[in-house]
Structures are given as C-alpha cells and as structure tokens.
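Participant: My structure is below; once you've seen it, I'll send some questions.
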Amino acid sequence: MDTSEGSLSLGSRPSQAFSEGFSGRVSVLEEGNVTVQSIDQSWTGSLSQHQLPSAPSSLPNSSWTNEPSSVAVEHRNGSATYASEQSEADEAPTGTPTGTPATPVGRPKRAAATVATERMTLRPKTPKTAPTAALIAAPTSPESPPTPDDNTSDGGGDAGRDSLQSPVRKRRRNRKSDPTFSVNETAQPENVTLSAVKAPREPRNNKAATFRTPVISRKKAIRKTPVSSVAGDNVQIRNLSAALRQGEEPVDKILDGWAEVYKNDRLRGYLEMANFFIHASGCQGKITFAMSNLDHAEVIKQLTGKFDEENNDYPIIKPGPEFRKFRSDFCKFLDLFVKNTKDSILVDDYLMENLTGLLSELSDSAFRAFRHTATLGALKMMTSLVEVQAQLKETIASDERQLELEKKRNRANKPRLQTLQDTFDQHTRNAESIKSIFDKLFKSVFGQRYRDSLLAVRELCMEELGEWMITYPSRFVDDSYLKYLGWTLNDKEATVRRKVLNVILPLVEKEDLTQQMQLFSSKFKDRFVEMTADADPECCVKAVKIVCALDKTQTELFAESDLDRMFELIYVSDRNMAVAASDFLLTRMAAISATDPDRKKGRRFRSGKEWSEDVWNIFEILKFSTESPTHSHTAYLVDSLIDSCSALKAWDAMTDLLLEETEEGQPSLLDDKFERTLIEIMCFALKHAAVGESPTGRISSKKTKAKDLKQVQDDRARLTTHFITTLPPVLTKFKQDVNKTGLLISVPQYFDVDIYTTNHKEEELDQLLDIIGELFAKYEDAVFLRNCAKSLESLEQEGTGIVNRVAMHKSGLIEAVTTRFHESLPVWMAGGSEAAVYEFESSVTRLVALFNFFDLTATAELWDDLMTVMRRGFDPESTMKRPLLRKILSCCNLFVMWRIQALRKHEGVTHPDADDCAIHMARLRELVGLLMPVLTVGQTASDTVFAVYHVLLDLLVLHPAPLSTAAEWEFDLKFELPSVDQQAIAEFVEFQVFTNVLPETTSPEARLTHVHRRRQVLTQFCRAFTCDVISSRFAELVLRHYLTTTGDYSDVIKEAVRKMMEVSKVHCAEAVAAALIALFTKNIRSHKRNSQEILEIREMAKKLALLFGTDNEKSRWAMGALHKYCVEFIREATDDRDLAKRVLFFDVLSEFTSKLRREDKARLVGRLNSLPNLLALNGDVVTPFFQYRNSLTSSGTDTDDPADKHRRGRRVNPVIPKHRAAALRLPTPTPDKDDVASVVASMASSVAGDAPDAEADEPGDIAADVSME
C-alpha cells in the first residue's frame, strides 16, 4: 500500500459542537484513509466530509486544545507542502520549494488568497500517476470572523470570486492529469468536505482502527459542488418559513426534506432550522455559514437591523387568513419535528444543544418580533416535549413490566432479555435527554417570559403551562410549577388573569389532584375570593366557579364570611356571575339535605301523594329566600337558578304546596310569608320559561339560539296545559289577598291560548274570565287593575277559537265601567256625598286601566265628559284632587292616541273620512289650548305639571309634518305648534332641567329622583326637535349645556345630536351654530380675546365638531350651512363697536375649518373680503379674522381623496431601534413649493359627486350661498 505521511493539526470548527481540536501526525493512505498519531497513541480511519466531531472519549491521553491551529499536510514524494511558520520551524519537509512563503495563522483572507496563487504558479510538475493528497483548509481566526460581504469567501463578492475562480477551474480541468493539486488555507478544496457524523462506526476494512474516528472519503471528495463551505455560503440554505407560507407542500413533507438535509450535513440542517425562527420573525437577514462560529448574542445583534422599519407587525401577529394559517403551520411544524425525531435527531446532543441556546437569546431580545416568535416556538416545542415525556413514561413502565416478567420465567430467553433491557435503557436515556432539553428551555424561556411586558407573551406562557399540567399532571401539577399561576393572578391585564383562571379551574375540579393542589389552594384561597369582585366579569365568573369547586373537594378551606360573599353574588346584575354563584348555593343545599332527618323519613300531602325531590328543593329555596339576610329580589333569584334547578319548572309541585289544606289544630304547612314568596317564585319562573328573557336590570351576554326558542315553546305549552285547570282554584283560594292575587292574575299573559281549543277547555276558560271580572270589580289598586286588563287582552288574540268568548266578557266589562262613569259624573259635579265622590273616582281608575289596552272611543259622549272634568280641574279656583286630574289627563291623551291610530289604519286602502279628521284635529287643538298655560316658568313644577308636559309632547310627536311624498289626507292630520308656544316649552325645559339648581341640603336619594325626572323631561324635548315637531333652532337651548352637564345629561344630548344628524345634518349644524352664538352673545360686551369665556366656547366648539365625524364629504353641506350661519351673524353687526366684538367669534368658527373641503375653503375665502367695514378696524382687533382666513388657505388633507388614502396607511415616522438611533440621522422632509401647489391645484379641480342630504340645498357652490353684499 502506497502511503504518504504528514503532520496534521486540526483546529476548532465553526459550530459550537466542534470547539475543541487535536494535533498529531497524519498518514494519508492511497485508499483515502488517514493514520493519526498523537503523543500517546495512533489511530487509523477515514475522514468523512468537512466537519470533525468533538474529542472522542476513546482517546483519553490525546492532546486536546481549544486554541485554533493551522493545518499542514506533508508529502515525502516531493510534492508541494504548505505549513504554518510554527510547523515549518519544527520540521521542514524535504519536498518544500525554497522561497515559498509560509502563511501564518490568522493571516487575512485576501492576503492568503494572493499567497495561494503565487504558490500554485511555483509548484513543480508532478507525474500524472502521483497519488492525490487531500488538503484540509484552516479555519479563520475568531478575532476576524468572516462576513457575508467578505470578498474572499466562496460565496462572497465578485473580487474574491475573480481571484480564486480561474485557478480552481484550472485545477478541475487538470485534476486527472495532475493529481497533486492543492488549495491554500482560505480557499476550501471542492473535492474535500468535512462533516460531523452522529455515531461513526469502525471501518470494516481497516482492522487497525480501535475507536471511532473521522475519515476522509474519496468518493465524496470528488463532488463538484460542496454541500457547504466553512468560509463561504455558496450552498443554498432552504427557507423553511417561506415554504410554510407558500403552502405548496404539506408540513410533514417539508419536515422530511429538512431531516434528509440534516442527516447529510448537520451544520446546514441546524442553520436551516435556526433561520426558520429568524424568518418567521419577519427578519430579512439570515444566519450564514460564516456566522456559525459567532456567539448567539452577536448573531442576533447583527440581525436586528434587518427588519422592515415601516411595518412593526411580524408574521405571527399579522391579520388575515394567510398569516393565521402560517401561525398554525408554524406550530404544527414544531410539533411534528419533536414527535417525529424524538428517537434520533432530537437526542443527538448537537441540534437541540445549539437550538436551545439560540431560542434563549432570541426570547430575551429587546425586539418584540424576535422575542414573541422565539417564545411561541419554544413553548410549542415544550408542549410537544411534554407529550413525548408522558408517552415515554408509559412506554418505560410497559418495558419495565415486560422485563420483570421475562426475568421471573424459569428459563429466561437471554437474547430477548437483552433486547428488552436495551430497549428499556434506550427509552430511559431518551427520557432523560428530553427532560434535560425541557428543563433548559423552561429555565431560559418560560422562567423569564411569564412576566414579559408583552401581553400576548404572558398569555401564551399561561396557556401552555395549562397544557402541560393537563397532559402530564403527575409532574407539572406541583408547587414548583403551580406557583407561576398563583403569582400571575395579580397581573394587571384581565385577559392574562382570565387565562390563569381557565388553567386552574379544570385542575381544582379533578378530585384525584386534590392532594397535589392542597398547598396551592390554601396559599391563594384569599385571592380567589377577592377575584369574585374582579373588574372583569369573566374573571369573576371563573373565580366563583373555582371557589365552588374548591368548596366541594376541600370543605373546610373557606370561612363562613367568604361563603356569605358567594350568596350575595346571586343577586348581582351580571347573569353569568349569578348563575355561577347559584351552583354554589345548590351544592350547599344538597350537602345540607343529605343530612336532613325529615327528608330521610319522607313526607306526604293530605291527598296521600308523597313529596317528590322537587318539592323538597322548592322548600329549601323558600327557606333561603325568606331567611337569607341578603337581598330579597325574587326575580333575580329565579333567573339565577332556573337553568340549573329543575324544581323551578315543577309546576305541579308548586301548585300542590299552594293548594295544600291544613287540618284543624295542625300548624300550617306554609305561613303567609312562605306563601307569598312561593307565589312570587312561581310567577317569575313561569314568566322566564314562557318568554326566555331575564328580568329588567339583569345583564346577559347569552345569545338566543333556535334550540332556546324551541325550549321556550315547549315550556310555554307545558305550563299552559297545567295552569288551565289549576289557576282558577288557586285564584279562588287567594282572592281575598290582593298582594298574592295581583301576581297570580298575570299568569294568563303567558298562555298558549290555542290549547284551550285543542284540549277542549272552554269551561275552564269561562271560570277564569268570571274570576277576572269579579276581581276587576272588587279591587281598586292601579297595578292590579292594569294586570287584569292586560291578561284579558292576552286572551283575546285574533284568529284563535276563544276570541269571541273573551270579546263578549270584555264588552260587558267595558260597558259596566263606562256606564258607572257617566252615571256618577253629574253627582260628582254637583258636589255629592263622599260615597258619590268615591264612586266617581273608582270608575275613573278602572277607565284608565281599560283605556291602556282597549279602544273606548266609540262614542263622543266620553270625550265631552272627560273635557268637562279637565276644564274644572285646571280652573284656578278648583279643589279637585291632583291624582284624579292626572287620571283624567291620561284618559284624554289615550283617547287622542286611539283615534289617530284608527284614522291611520286607512293608509294605503281608503281615505279616512274628512269629517272624522276635522273632528279629531278640533279635539287636539282644544286639548293643547287647555294644557299650554299650565307650563309656567319660575317655580319647580309639580307632578301634575310634568304630566301635562309629557302629554303635550306626546301629542305633538303623534302629529308631525308629513313628507312631501305623503298622501294628501295626511296633511289634514298635521299639527304645528305656534312659535310662541314652542319658545315657552323650550324655556320650561331650560329652567326645569338646567337653571333650577337643587339645594345643597338635598339628600342623595331625593337628588337621584330629581335627576331621573329631569332626564325624562330632557329626553322628551330632544325627541320632539329630532322629530321636527319643534324647530331645531330651539335645540341650542340644550346644546349650550353640553359641557356644563357632563355628569347627568351629556349622554342624552350626545344621543340627540346623533339622531338629528340622521334626520338632517344641515339642521343639526344650524342648531350647533345657534348654540355657540347664544353662548357668545350672553356677555358679548365683556368679551376679550383669549379670555376664559372665549376659551370655554372654543372648547365646546371643538367637542361639537367631533360629533360630525371624520368624513368631510358626508358633512360637507352641514359645514357649509354652519359657516354661512356664523358669518351672517358677524355680518349683521349694527356698528363698528359691535363688529369689533363679533370678530372674536372667528376664533370659535376656526374650530370647524378642518371639516371643510379644499374647494369650499377656496370659495369661502373669496367671499370673506366683502364683509363691510372689517378692514377699517384696528389691526389687533381684526387678527381673529386674518387667522380664520389663513386657516382656510392653509393646505389640508381631505379624507376622501384617493391619493391620500394610501398615504394615511403608511407610517410617517418609523420607529428606529435604539441601537441604530445614533447611526441613523433622518433628515426633516421639506416639501417643494411647486409640488404643494400642484397638489392643491389638482385637489381644487376635483368636485364631489355624492348627493347631499335631502333637506340640504341643491348641489352647487356652498360658499357662494353666503351672501356678503
């Protein structure tokens, strides 16, 4: 065998795994094997590809060093030999040409390339049959790491390529004829590649090799294009992130392709995986082969400047389906990577050793994109690692059982036993390796990022921690991990607290984890109770459920004071929280019932029927409702319990308790309080079941679904079937108690009346109608009578089989009441006895109850009698009772409402009778003329005056001005209040709402009542001028108080402005202008520029301008009207002194100039110069005018300009990273005057094509409408 010997010194490699080297002598065999001789021993093997592993453990006495050293190969046959100065001094090879300069270690690459070219020109010619020597390039010095821009690298710039390409190509052509070709230290030979092999085996043909060694393979050395280059990047590194985003290949195929790359070249595979995270962060740079010998922190520092400065978003948070799919595929890729390589690549002590270090540095980066993306990737990998650990735990347990069984056999199969033992050992090692990887990531990533400043990162940490605990509870449901949940319960963001509670809830609900959760629960139980009053409703609900679950598993954990808080939550306004607290109540009730001796014995009704479980539960709910020291809102209690307690829909159990009779001498089963509470619970539960709605004031986020509607229909049919037969006897039993009967009489309102016909229950219907008529004639309570009339109306439904029966009973009831009213009126007018007065007042009370649900306007006699009583009641000398007068007023109002509804039913069919319209309008004018004098200003209004005000505005809203396209007969029903009366109403509202201040001694309860009444008055007035029954110019009385009444009425005023804009933006703008002018003229003589009064008016103008929105095109006509109105106000000045004061109003008007379009500004400027005597004023006085005109001439941006829309979406001042702020100096942009002029000209030439409001002027020149001459 022909051999050539030489000295070989291998230094550190670029990757972290090859940080150690070795030195010794090398003999290159003809077949490509190498013999390495160290200080103590020698070895022979083959070097494979271009990388060397770390020091093998089988060479204990070899000399290993961390210092980089050069590579030298010596040939004794006289071929050219290149060595470092140190090697040449120690041992000079015989075949080395004299005068050939040696390349020192650490020489710059460009100089080394020049030396290599000179050496190649001086080398002696060698016979073609000489053996080929493979030369290994020396690594670059750490002090001068190569960069992608280095021209001496293989994949670098053009200069380096020009200096090395020709000799290399020449050597390729002459390789067969001249086998002794060589390359200098900086240019890696293309026929020699170095690669680290995971576990290289001993060569079968070389018996001299005694341990695993790297080898040089001649077969791979002849590859034309190397897999990778230490000094260059001429090999394409696949962009895995781009492949995922394109979606052309499935995720598993992409992963398989990467695995093949990694098996062939671990460094390249690692770089592809590392760049996968870099590119997923939105970074445009990449980690190259030349950067692989740098620290992770230095690599990240170089990459931080390669982001898109104009866009702060990065792929995993960008909106849109493309990026949502990328995030999903990103997580799926990492999950498959862990699970598919768990027995090979994942535990090879190379990839994850480097990858965990990179992820740790990325997750600790100051750049949000790096930090968020790396944290997401690391946590998703950790979740997959946890799943693998859980599977390995089961696998190891199974292997251990099989191993034990095999050992217990009498004749154990030794090969099988050894196989089982090897499998067990392999799985154990893999489990330890995976645990080590997880612990490193947990400490470096999760341990730092769970308190990250970025909300999404903290949420992600808590979410993934919950996944670990659910997947592998035996390890992660431990105090060392649970403490992070407890600490994060105090996070300032509600979403993070919600994530933590979502993790804790399923853990505390599992009874098998009670022992593991005991210390955690006792440590943070007080925090759970506090969070039942959290600012976030969802956190409250979760906290309540956790407290309930802990109370089930750990009965002595909470104190009684903590539990009282849970009972109070049943009555809160948030329904979700109340439902969660009701589960706690039912749990407590079940625990108490389990130890109740009476319940164990059982109990029966007098009829012999045994008490069911529902009866016992209803009895417990009654005890809680009557004996609880908390609230007594029965409707809220029922709404909280009805979804989880079936007893509240057990109608038979409730009626059995109500109809149960007590034997003589025996105590009553239900006392009066229990009976009333039971009736309330039954009626509220019945209403909830039939309607499916929560009571007033209860906030519910539950959306009604088709399933819920079907459930409501079924419940309504079920309760109707039951109460058709049981309601009459229950009403008969309690008809002497108006409080109990008042609730029971409302039950027919929720019936499905068709069941009367389908079940042939007409006899029960007649019994119910007779009882309703009897109770209506017996009691005089207004609420009770109203419920009776409403129940009667609910039974009289058109198209049902019982409508005629109900109509007959209704007619008899109405006739009896009206007859009683007409007969008692003359006696009352004549001043009869107290009995006669009582008879008349009771008939009026019943008349009001019937008027609310039935039309009683069949005869004109009723109207005349009502107006007779009205005139007497408003007589200044009248002694009529005010409550009676308000009832008569209500009857008159309802009479007019029923008549206008009857007249308008003819719309689209026939024209209503003209005489009927005339009679109706005459009655309306008569009533309005009687009510207007009552609205006086100067004293606090009484209840009667407020009632008159509400009736008057209701009548006005019912008779608005019809549209121009309406039928002719609708104009006959138009009623327009005179301007004097409108002014009187506006002054009444201003005095009662804004001027009349409550005394300081008013109690909070009384003040709340007064504010509520005033809000009703203001809302009624706002509705009137938004419906245009009162002129919009009177709206300024309200708008001028927009800022002064922020606490009590600002929401009403803001809603009124919004409604006015829906009707007419022009009218709304005129009202705003009138309000500002009214405030300005209030103390116009004392106004000075920049005074406090002017500044307050300007602030109000700024707030009102915001109500018109940001779309200048939609508010164009309104802004034109506003500027026209205000300029006219200034133009109407009486003299120069008055004009000098009114000029100050330009400061207020300038707050609205931004709402004008450019062309409107230009036209308005041309009209301002025509203001009379303006230029003759003093220069200081006229300054507001010039500033207002300058604000019109200054360039602005129209929101509807297509050329500006894309510019608004672009970041004007990009955020510059701190480390680049010193290096970057962004110049301040200075627009060219010519460019600005061209833009203004192009904008002025465009004319809007949208149509204005229907109420606005015709399209045209808005500013031209402002008449200045």
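The values are calculated or read from the model by the stated rules, or taken from the named source; none is laboratory data. Remember, it's a predicted structure, so these values are computed and weren't measured experimentally. Quick reminder, even Gly has a Cβ in these numbers, built from the backbone with ideal geometry, and neighbours come from all protein chains shown. Quick note on the areas: whole protein, heavy atoms, side chains included, nothing else; ligands and nucleic acids left out. Shrake-Rupley method; radii C 1.70, N 1.55, O 1.52, S 1.80 Å.
Participant: For segment 761-879, please list each of the helices (runs of 4 or more DSSP H) lying entirely inside it that holds at least 2 residues being within 30 Å of ASP915 (Cα to Cα).
Facilitator: Filter on segment 761-879 gives 803-829, 834-851, 860-873.
Participant: May I ask you to verify whether THR1001 is within 36 Å of the chain's Cα centre (by Cα) and of a type outside the set (Lys, Arg)?
Facilitator: Judged against the criteria, THR1001 is not a match.
Participant: Checking the condition open to solvent by less than 20 Å² (accessible area, probe 1.4 Å), of a type outside the set (A, V, I, L, M, F, W, C) and at pLDDT below 90, which residue from ASP551, ASP562 passes?
Facilitator: On inspection, the qualifying residue turns out to be ASP551.
Participant: Which residue pairs have Cβ atoms under 8 Å apart, sit 6 or more places apart or on different chains, and have a first residue in segment 461-486 that is assigned to a helix (DSSP H, G or I) and a second that is open to solvent by 10 Å² or more (accessible area, probe 1.4 Å) and small (Gly, Ala, Ser)?
Facilitator: Once the first residue is assigned to a helix (DSSP H, G or I) and sits in segment 461-486, its partners that are open to solvent by 10 Å² or more (accessible area, probe 1.4 Å) and small (Gly, Ala, Ser) give THR471/ALA390.
Quick grid of which residues meet (1) among the charged types (D, E, K, R); (2) exposed (fewer than 15 other Cβ atoms within 10 Å of the Cβ); (3) under 27 Å from THR655 (Cα atoms); (4) out of contact with any Pro (no Cβ under 7 Å at 6 or more places or on another chain):
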{"site": "ASP536", "(1), (2), (3), (4)": "yes, no, no, yes"}
{"site": "PHE558", "(1), (2), (3), (4)": "no, no, no, yes"}
{"site": "ARG603", "(1), (2), (3), (4)": "yes, yes, yes, yes"}
{"site": "ARG606", "(1), (2), (3), (4)": "yes, yes, yes, yes"}
{"site": "THR626", "(1), (2), (3), (4)": "no, yes, yes, yes"}
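Participant: Further question: Residues in segment 883-890: is at least one in contact with a helix residue (DSSP H, G or I) (Cβ under 9 Å, 6 or more places away or on another chain), at pLDDT below 90, assigned to a helix (DSSP H, G or I) and of a type in the set (A, V, I, L, M, F, W, C)?
Facilitator: Within segment 883-890 (the criterion being in contact with a helix residue (DSSP H, G or I) (Cβ under 9 Å, 6 or more places away or on another chain), at pLDDT below 90, assigned to a helix (DSSP H, G or I) and of a type in the set (A, V, I, L, M, F, W, C)), the answer is no, since none of the residues qualifies.
Participant: Moving on to the next point. Take ASP329 and tell me if it is in contact with a helix residue (DSSP H, G or I) (Cβ under 9 Å, 6 or more places away or on another chain) and surrounded by 14 or more Cβ atoms within 10 Å (Cβ to Cβ).
Facilitator: So ASP329 passes the test.
Participant: I'm checking my understanding of the structure. Among residues of segment 874-929 that are closer than 30 Å to GLU780 by Cα and of a type in the set (S, T, N, Q), which one is least open to solvent (accessible area, probe 1.4 Å)?
Facilitator: ASN893
Participant: Let me ask something else. Please give the helices (runs of 4 or more DSSP H) falling wholly within segment 585-693 in which 1 or more residues are hydroxyl-bearing (Ser, Thr, Tyr) and in contact (Cβ under 8 Å) with a residue 60 or more places away in the chain.
Facilitator: Per the criteria, 634-641, 651-659.
Participant: Please go through segment 352-397 and give me each residue that is of a type in the set (Val, Ile, Thr), farther than 28 Å from SER474 by Cβ and open to solvent by 30 Å² or more (accessible area, probe 1.4 Å), ordered by number.
Facilitator: none
Participant: Give the residue, chosen from LYS1102, LYS1082, that is at pLDDT 85 or above, open to solvent by 20 Å² or more (accessible area, probe 1.4 Å) and not acidic (Asp, Glu).
Facilitator: Result of the check over LYS1102, LYS1082: LYS1102.
Participant: Is it fair to say THR696 is among the β-branched types (Val, Ile, Thr), modelled with pLDDT under 95 and open to solvent by 30 Å² or more (accessible area, probe 1.4 Å)?
Facilitator: So THR696 fits the description; yes.
Participant: Right, another one. Looking at this structure, is GLU538 free of Cβ contacts under 8 Å to residues at least 24 places away in the same chain, assigned to a helix (DSSP H, G or I) and within 24 Å of VAL496 (Cβ to Cβ)?
Facilitator: In short, no.
Participant: When you look at PHE438, is it touching a residue at least 24 places away in the same chain (Cβ under 8 Å), under 30 Å from LEU376 (Cβ atoms) and in a helix (DSSP H, G or I), yes or no?
Facilitator: It is true that PHE438 is touching a residue at least 24 places away in the same chain (Cβ under 8 Å), under 30 Å from LEU376 (Cβ atoms) and in a helix (DSSP H, G or I).
Participant: Let me ask something additional. For segment 573-590, indicate whether the set of residues that are under 33 Å from the mean Cα position of the chain (by Cα) and either on the phi > 0 side of the Ramachandran plot or among the hydroxyl-bearing types (Ser, Thr, Tyr) (or both) is non-empty.
Facilitator: Yes, segment 573-590 contains a residue that is under 33 Å from the mean Cα position of the chain (by Cα) and either on the phi > 0 side of the Ramachandran plot or among the hydroxyl-bearing types (Ser, Thr, Tyr) (or both).
Participant: In segment 977-1010, which residue that is in contact (Cβ under 8 Å) with a residue 40 or more places away in the chain and open to solvent by 50 Å² or more (accessible area, probe 1.4 Å) is farthest from HIS920 (Cα to Cα)?
Facilitator: GLU987
Participant: While we're here: As an exercise: evaluate ALA717 against (1) in contact (Cβ under 8 Å) with a residue 60 or more places away in the chain; (2) open to solvent by 30 Å² or more (accessible area, probe 1.4 Å); (3) part of a helix (DSSP H, G or I) and give the number of the one condition it does not meet.
Facilitator: Looking at each condition in turn, ALA717 falls short on (1).
Participant: Within segment 839-858, which residues are in contact with a Ser or Thr (Cβ under 9 Å, 6 or more places away or on another chain) and without any contact (Cβ under 8 Å) to a residue 40 or more places away in the chain?
Facilitator: Hits for segment 839-858 are GLU839, PHE840, SER843.
Participant: If I ask for residues that are closer than 21 Å to GLU815 by Cα and β-branched (Val, Ile, Thr), which ones from segment 855-886 would you list?
Facilitator: Those that are closer than 21 Å to GLU815 by Cα and β-branched (Val, Ile, Thr): THR857, THR859, THR868, VAL869.
Participant: Does segment 303-322 hold any residues that are under 21 Å from ARG238 (Cβ atoms), part of a helix (DSSP H, G or I) and not β-branched (Val, Ile, Thr), and which are they?
Facilitator: LEU303, PRO315, GLU322
Participant: Residues being among the aliphatic types (A, V, I, L, M) and crowded, with 18+ Cβ neighbours inside 10 Å: count how many of those fall in segment 398-452.
Facilitator: Residues flagged as among the aliphatic types (A, V, I, L, M) and crowded, with 18+ Cβ neighbours inside 10 Å within segment 398-452 amount to 6.
Participant: Restricting to segment 668-690, what's the tally of residues that are over 17 Å from VAL615 (Cα atoms) and either crowded, with 20+ Cβ neighbours inside 10 Å or modelled with pLDDT of 90 or more (or both)?
Facilitator: The number of residues fulfilling the criteria is 5.
Participant: Those residues that are closer than 23 Å to ASN759 by Cα and polar (S, T, N, Q), I need them from segment 687-732; list them, please.
Facilitator: Across segment 687-732, the qualifying residues are GLN711, GLN713, THR720, THR721, THR725, THR726, THR732.
Participant: Looking only at segment 1161-1194, which residues are over 21 Å from ALA1118 (Cα atoms), at pLDDT below 75 and open to solvent by 80 Å² or more (accessible area, probe 1.4 Å)?
Facilitator: ASN1169, ASN1173, LEU1175, ALA1176, ASN1178, ASP1180 - these are the residues of segment 1161-1194 that are over 21 Å from ALA1118 (Cα atoms), at pLDDT below 75 and open to solvent by 80 Å² or more (accessible area, probe 1.4 Å).
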